[in-house]
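A quick write-up on the structure given underneath.
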Amino acid sequence: MGRQAPRLPVKIAIIGAGAVSDYHHVPAIRLDRRAALVGVCDANQELLHKRTADWGVAKITTDPEAICADPEIDAVIIATPNYTHRPIALAAIWSGKHVMCEKPLGLNAAEVREMYQAARDANVVNMTAFTYRFAPAMRYMKRLVASGALGEPRHFRSQRFLDWPETSWGWRQYRRLAGAGDLFDMTIHRIDLALDLLGPLARICGALARFAPRTVTAVGESCDPSDVDDWSSILGEFASGATGVWEGTTLAKGYHRLGFGHEWAEINGSIGSAVYQLHTPNTLLVGKTGQDLAAIDVPREFLKPADSPRDPGQGEPATVFRYDLVWEFVSAIVAGRAAVPSFFDGLKAQTVADAVIVSHAERRWVDVPRERR
């Protein structure tokens with residue numbers, strides 16, 4: 001990156017104090033001696049004061065621009081509604097802050113491209129919160145693909161099935177605030193996984209559907225109906241010649257799995273196949289011709305990045321690998337290097353997701369534009 005790293009600890013502020021920050025980002029910061037949580041911002045005053053007590057942070061505000069302008073803060077984690085990502089990220093970047101942002105980075109590729117270019121030009125560390133890249137089985141699958149152990153990759157297959165209530169999603173169920181539903185919330189993660197494993201997509205054919213009207217909140221109050229998808233599907237052709245199939249839904253009854261749902265990401269190669277499942281992220285299903293898929297333990301060196309402070313034997317496996325997201329962010333800041341996955345990775349995935357929307361609206365295959373650094 002060529003940027004001088006800040007003095008330790010890296011002082012981080014969280015913008016958006018909801019569940020994802022409480023479950024994933026704050027525990028991760030606490031694990032890393034190189035980092036300190038010094039500020040919290042949220043529009044909800046009641047939640048903000050609760051987090052002040054829960055997290056022990058004295059610097060609180062409802063104004064994200066105040067956090068971004070604060071000279072005592074080195075980096076921000078943005079976990080706010082999708083429509084706010086672009087203005088908050090740009091404010092942080094223009095103030096010289098390193099930025100990690102939840103996905104999707106914006107409401108469309110044009111917004112994300114602006115965010116990426118601003119971060120690139122400001123020479124700040126930028127990161128997209130594509131959490132599942134850090135799952136041990138996914139890290140090991142990537143090694144198997146890259147090493148040729150599966151032969152020539154031919155097919156990628158992804159399923160993400162969730163059994164969620166059919167009550168209101170709040171801001172997430174409105175296109176003007178979220179951009180899309182399942183496609184942007186869940187399937188975009190699996191688009192990123194496929195791009196990371198197999199390289200760029202050349203063209204796609206996509207479909208979206210909405211089944212649940214979501215006109216009632218969890219406490220029984222009426223609200224405007226949803227206008228975003230709760231099911232998404234993609235057929236894809238990679239530039240390499242491989243093919244891909246994705247399906248995601250929030251309405252798969254019986255797929256609760258302790259709240260983690262069902263996730264299946266598969267590569268079929270000319271020699272063998274490998275399957276990652278979220279609920280067993282420390283094992284991989286592997287098989288070759290004439291065999292049945294069988295579970296193998298992920299080798300210890302893939303259970304976490306070498307310098308990650310977490311103990312892979314502690315905690316719920318489907319949760320704790322997510323802490324390595326913040327570890328990577330802090331490591332990139334300390335080392336003055338690019339973070340992986342970056343805003344550019346977020347842009348590539350967003351470009352595909354946008355193409356799905358066009359494909360469904362126009363009922364046709366769509367060529368995926370190739371993004372340039």
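Screening Trp94 against (1) touching a Gly at 6+ places or on another chain (Cβ under 9 Å); (2) among the aromatic types (Phe, Trp, Tyr); (3) surrounded by fewer than 17 Cβ atoms within 10 Å (Cβ to Cβ) leaves a single unmet condition, (1).
Contact annotation: residue pairs with Cβ atoms under 6 Å, 6 or more positions apart or on different chains, pairing a residue in region 39-65 that is among the small types (Gly, Ala, Ser) with a partner that is surrounded by 14 or more Cβ atoms within 10 Å (Cβ to Cβ), are Gly39/Ala13; Gly39/Lys59; Gly39/Ile67; Gly39/Ile73. Looking across region 270-285 at every residue that is farther than 18 Å from Phe321 by Cα and under 25 Å from the mean Cα position of the chain (by Cα), the one that is surrounded by the most Cβ atoms within 10 Å (Cβ to Cβ) is identified as Ala274.
The set of residues in region 292-306 being loosely packed, with under 14 Cβ neighbours inside 10 Å, at pLDDT 95 or above and not in a strand (DSSP E or B) consists of Asp292, Pro299, Arg300, Glu301.
Between Arg172, Arg176, Arg203, Arg157, the distinction of being within 14 Å of Glu247 (Cα to Cα) and among the basic types (Lys, Arg) belongs to Arg157 only. A single entry from Ser232, Ser226 fulfils the requirement of being in contact (Cβ under 8 Å) with a residue 60 or more places away in the chain, buried (at least 18 other Cβ atoms within 10 Å of the Cβ) and over 17 Å from Met141 (Cβ atoms): Ser232. One residue stands out among those in region 235-250 that are crowded, with 18+ Cβ neighbours inside 10 Å and hydrophobic (A, V, I, L, M, F, W, C): the one that is nearest to Arg154 (Cα to Cα), which is Ala242.
One line per residue, one yes/no per condition, for (1) among the charged types (D, E, K, R); (2) assigned to a loop (DSSP other than H, G, I, E, B); (3) touching a Ser or Thr at 6+ places or on another chain (Cβ under 8 Å):
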site	(1), (2), (3)
Thr167	no, yes, yes
Trp171	no, no, no
Phe184	no, no, no
Ile188	no, no, no
Asp196	yes, no, no
Cys205	no, no, yes
Leu208	no, no, yes
Arg214	yes, yes, yes
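Do the conditions hold for Ile267, that is, is it at pLDDT 95 or above, of a type outside the set (D, E, K, R) and buried (at least 18 other Cβ atoms within 10 Å of the Cβ)?
Yes.
Can Ser158 be described as part of a strand (DSSP E or B), of a type in the set (Gly, Ala, Ser), in contact with a strand residue (DSSP E or B) (Cβ under 7 Å, 6 or more places away or on another chain) and in the same structural domain as Glu221 (by TED's automatic domain parsing)? Judged against the criteria, Ser158 is a match.
The values are calculated or read from the model by the stated rules, or taken from the named source; none is laboratory data. None of these values were measured; they are calculated from a predicted model. Every residue, glycine among them, receives a Cβ derived from its backbone with ideal geometry; neighbour counts consider all protein chains shown.
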